[in-house]
Amino acid sequence: MNFSPVYQPFELSAEQLREAALHFASNPLYLDNEEWENDDNPYRRQLRPQVLQHLDFTKKLSRSEILNYESLAAQRLLTTIYESDLMFLPQSGFGEKYEDFKRFYSSTNRALGEMIRPALERHSFGFLDDEVEVTGKWTRASLEAFLRDLENEQPQPSLAETAIEKSSDPARAARMWLIQFIPDFMSEASPMIRNVMGHYGPVQSDWFKVIIDEYGYGVHDTKHSTLFENTLSSVGLRTDLHHYWQYYLSSSMLLSNYFHYLGKNHELLFRYLGALYYTETTLVDFCRRAANLLTSVFGEEADVTYFTEHVHIDTHHGRMALEKLILPIVDACGEAVIPEIVRGFEEFKVLAQVNDEDFAAQIEWMDGGPTNKALHEPVWEGIQQGRVTAPIADLIEPRGELSNTHCHNGDELCHIVSGTMKFVAGFNSHQILEAGQGTVIRKNRLHGAIIESEECVYQIHSVGDYRACLS
Amino acid sequence: MLVLTFAVSGAGNCVEVGGAPFVYARTTLGSFVLPARCSHRGGPLHLARVEPGRARLICPWHEQATSVKRLARTGIPAVRRGEVVTAVFADATPDNWSTGHLPLSPDLDGTSVSV
Ligand code: FES
Ligand SMILES: [Fe+2]
């Protein structure tokens, strides 16, 4: 009986992690799509496995790197991994999709996902360790004062809302905006449900009431996701899950995955409560502004019930989160859990800020299509004159070849040698590039391309900062 | 209870509550809300250095030591998010505070904190 095992926490080496990520993403469900949009198949998600072997997920991204391609790749992976806990069915029956259903929910897909999840979470959410820091001796009373102080904050329109209002194409911008909410709103409250399993006293039951509200009291027409589907349909968007997968910004997934991350890792329960309080409390004003914004952009045909419904219900949820969940859980578990509650509250703010800036920048990028195309000429000129020497990739692609959406960690110049490329900068946003033309591709901006001639020969110059090419 | 949000560094990095100034200090040993005036004779604790090899701040006036651990564990409850800090002052009233600026020593201004 001399056996004393040594417990080793689970961790993959860089090489193992790279292999495991590729292994997971090589599933036929996750390969590149030949279309921009998925067609009523909730199991298909483009993860671009061909690029994964070049990415290092072992490092924590910093705040300044959080919109880099690594983050987009990690968030697409995480969305896929978390969502294999949830049930999705196609709207119009199975047919051949039954095989995809089985693949998506198979033990092998789930086991492979679980292996890489902890590293991806550290990679993507680790920067919050540096961004948020809690100190001092917190008491129940100081926590309550801290949380209630949010009610004194003057809500301001977000950068995203302003970007839509000022966009050269507000309807397009608003549709792009609604698309960003799909990962969150279509399975609304699902991350939260992770917290009500088990057995832990009255808070569990009170939390369940919040979920009952989100689920429309069991009446399907009033379930919040149904209301959101109505919003999408009313402005001409499809409602089959992840139809617009390729148009999700990494920060939109970062935000919705944050709750899955907290809900999946139960040791982060208290952070969840802090973040929940923040969203429930601020959502009221956000939804009021969102309803007005959508109505002003699309007119009366926009169905904004999803948002007006939240104005009524969430006033109540913010108070409930504090009085029925947070304070009772502090009473039950002790003041030692307070720093985690405070941390979740502040972390969510950081992520919301990241998302807000990212979305506004994407609208500027989409609206700037003609400008970025026009910039090709002086930047190309600068490269010709040797003002910068940038790495060059030469590419030849056949008609219909679709570069699934992605982003780069620096500015690039796309230069068309021959043929025609349709360059896509976001939902409903593109430029046609012919031989001799091209476009500047801005750092961190989501984009893709499709070849529209028999063949297209083009170059990508990784210039880093395009301004260095200008005289 | 008074909840105040102020800057971690630069302009507005000091809040004066009920006549007592506070700053947010970031050291290699942890971060905390620091009373800027020393409890001995009111020396400038915001310019204190960390005693080499020990978790103590040394006041520049008469070298009184203050435990960094005590400040972080039992100090004023606060949270830093990026470049702003929010602190909860238990015995303060909403009408008795102001913000200002105080310089911080290199041991307290976060430059020594590796990110
Ligand atoms: S004033 Fe600080 S030690 Fe005397
Ligand atoms: Fe690209």
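The values are calculated or read from the model by the stated rules, or taken from the named source; none is laboratory data. No experiment lies behind these values; they were computed from the predicted model shown. Every residue, glycine as well, gets a Cβ built from its backbone with ideal geometry; the counts of neighbours run over all protein chains shown. For accessibility, only protein heavy atoms count, side chains too; no ligands or nucleic acids. Shrake-Rupley method; radii C 1.70, N 1.55, O 1.52, S 1.80 Å.
The table that follows gives values for the structure above.
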read-out	value
Taking chain A and dividing mean pair separation by its residue count, relative contact order in percent (alpha carbons under 8 Å, at least six apart)	17 percent
Potential lengthening between A:T58 and A:Q385 on full extension [0.36 nm per residue; Cα-Cα distance subtracted]	113.8 nm
Nitroxide proxy distance, nm - points 7 Å out along Cα→Cβ at A:E364 and B:V113	2.8 nm
Alpha carbon centroid spacing (whole Å) that separates the range A:1-73 from the range A:242-286	20 Å
Sulfur and carbon atoms: percent of accessible area, the range A:108-241 [1.4 Å]	54 percent
Amide proton proximity set for B:R49, modelled H, under 5 Å, gap of 5+	B:I58
Chains A and B, summed buried accessible surface - 1.4 Å probe, Å², nearest 100	1600 Å²
Cα-based shape type of the protein assembly as shown, given that a ≥ b ≥ c are square roots of the gyration tensor eigenvalues and the cut on a/c is 1.5	prolate
Efficiency of FRET from Cβ geometry, B:T99 and A:K422, R₀ 51 Å, rounded to 0.05	0.45
Exceeding the 31 Å Cα-Cα cut-off - candidates A:K209/A:K349; A:K166/A:K324; A:K324/A:K349	A:K166/A:K324
Label point distance in nm, A:Y105-A:T226, each placed 7 Å from Cα along Cα→Cβ	2.2 nm
B:W61 accessible area, 1.4 Å probe, all protein chains in place, Å² to nearest 10	140 Å²
Inter-label distance, nm, simple model (7 Å from Cα along the C-beta direction), A:E15/A:M87	4.4 nm
Scattering profile of the range A:370-469 at q = 0.10, 0.20 Å⁻¹ [log10 I(q)/I(0), Debye over alpha-carbon scatterers]	-0.23, -0.96
Pairs of alpha carbons in the range B:1-114 whose separation is greater than 21 Å (percent)	30 percent
At q = 0.10 Å⁻¹, base-10 log of I(q)/I(0) for the range A:140-367 (Debye sum, equal scatterers on each alpha carbon)	-0.45
The range B:49-104-the range A:422-471 distance, computed between alpha-carbon centres (Å)	51 Å
Global form of the range A:235-286, assessed from the alpha-carbon gyration tensor, a/c cut-off 1.5	oblate
Occluded residues from the range A:113-137, i.e. those whose accessible area drops by 20 Å² or more once the chain is not alone (1.4 Å probe)	A:D130, A:E131, A:E133, A:T135, A:G136, A:K137
Mean accessible surface per residue for the protein assembly as shown, computed with a 1.4 Å probe while every protein chain stays in place, in Å²	43 Å²
Shielding of A:340-352 by partner chains, average beta-carbon count, 10 Å	2
DSSP H segments from chain A that extend 24 Å or more along their own axis, Cα-based, with Kyte-Doolittle mean of -0.5 or above	A:269-298, A:338-367
Cβ neighbours within 10 Å from other chains - mean over B:70-79	6
Segment A:E267-A:V457, extension gain: residue separation times 0.36 nm, minus the distance between their alpha carbons	63.2 nm
Cα gyration tensor, the range A:117-159 - rounded (a/c under 1.5), prolate or oblate	oblate
Per-residue [θ]222 nm for chain A (sum of -39500 (n - 2.57) over DSSP H runs n ≥ 4, rounded to 500)	-15500 deg cm²/dmol
Per-residue average of Cβ from other chains inside 10 Å of B:84-91	4
Rounded percent of accessible protein surface that carbon and sulfur make up, the range A:370-469, 1.4 Å probe	48 percent
Alpha-carbon centroid distance for the pair the range A:102-138 / the range A:198-241, whole angstrom	25 Å
Semi-axis lengths, Å, the range A:14-125, gyration tensor of Cα atoms, sqrt of 5 times eigenvalues	25, 15, 12
The range A:370-469, relative contact order [Cα under 8 Å, separation at least 6], %	43 percent
Long-range HN-HN contacts of A:H430 with modeled amide H, under 5 Å	A:A425
